[in-house]
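**Student:** Got a structure for you, questions after.
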Amino acid sequence: MAIVNDMIIKMQKYEYMRRFLLYGEMYMNTLQCFALMDESDGIGDKFENSLSYIHYKPINAILKFKNGKEIAVHPTNIKIREYTEENMGNIYSMALVDCDVKTINGEQVLSIQSKNVIQSIGNDYDTIVLITNPNQFITRCQKAANDLGYNLFYDPVEYFTDDNYNKKIEITPFMKRDKYKAQKEFRLFIDFNSNTPQLLKIGNISDIAILIHKSGINSINCSVLPECL
């Protein structure tokens, strides 16, 4: 059995993943849009367009009045988030998963091991595009962005805790709260200098990717995979 770590996947509804595979269509939403989404579906996060965050630890105090009366004051926690109403760029959200390849009945079968990653991404998403050649994928994304006159930035998301007291955290487009760390997000970022979603097209990627239904993640026949692994 061979373990392949941190393979890139995109998970969405079939109609969008089919177009991603055949035409390389990547719908890049704004950070502001993700900040306004409902967090209950595992996608939205109100911190997305934040610049910094600090959690002040409450300090107990005694209020003394002229009549000699004293009252103990127990202030609640204060969480201050600095953010901007302006769009800070567009992102394409993907994920990193671990896979293994083993031989079953004489055939090599690949299976995605990171079930918790898939379960933490949108509940109504049914289709996965597995990128089998990440380097070539990034190269094509960079070229498409450069052709439009923009730069592409990419990285795994760093997860931070928002429970640290009196410590200012500078938040970048590649940072999210650790309540989302199960997603193991891999993010592409382009500053289109626009407050609207953008469509990046990189062309057909069927030579470096495969489309599968999420129910089939345990038995992907390696004979149908592009020879990039």
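The values are calculated or read from the model by the stated rules, or taken from the named source; none is laboratory data. For clarity, every value in this text was computed on a predicted model and none was experimentally measured. Don't worry about glycine lacking a Cβ; one is built from the backbone with ideal geometry, like all the others, and counts go over all protein chains shown. Areas reflect the complete protein model, heavy atoms only, side chains present, ligands, DNA and RNA absent. Shrake-Rupley method; radii C 1.70, N 1.55, O 1.52, S 1.80 Å.
**Student:** Run the quick spin-label model on Lys167 and Asp98: label points 7 Å from Cα toward the beta carbon, then report their separation in nm to one decimal.
**Tutor:** Label-label distance for Lys167 and Asp98, simple model: 2.6 nm.
**Student:** If each of Lys69 and Asp178 carries a label point 7 Å out from its Cα toward its Cβ, how far apart are those two points in nm?
**Tutor:** In this crude spin-label approximation the distance works out to 4.4 nm.
**Student:** OK, next. If you count only protein heavy atoms with a 1.4 Å probe, what accessible area per residue comes out for region 166-205, rounded to a whole Å²? Show your work: numbers first, answer last.
**Tutor:** Working: 2010 Å² over 40 residues.
Computed with neighbouring chains in place, this is 50 Å² per residue.
**Student:** A 24 angstrom limit on the alpha carbon distance is what I want to check against. Which of Lys10/Lys143; Lys46/Lys184; Lys143/Lys179 exceed it?
**Tutor:** On the way: Lys10/Lys143 20 Å; Lys46/Lys184 18 Å; Lys143/Lys179 34 Å.
Beyond 24 Å: Lys143/Lys179.
**Student:** At 0.36 nm per residue, minus the direct Cα-Cα distance, what do Glu15 and Asp207 gain on full extension? Give it in nm, one decimal, please.
**Tutor:** Here the answer is 67.2 nm.
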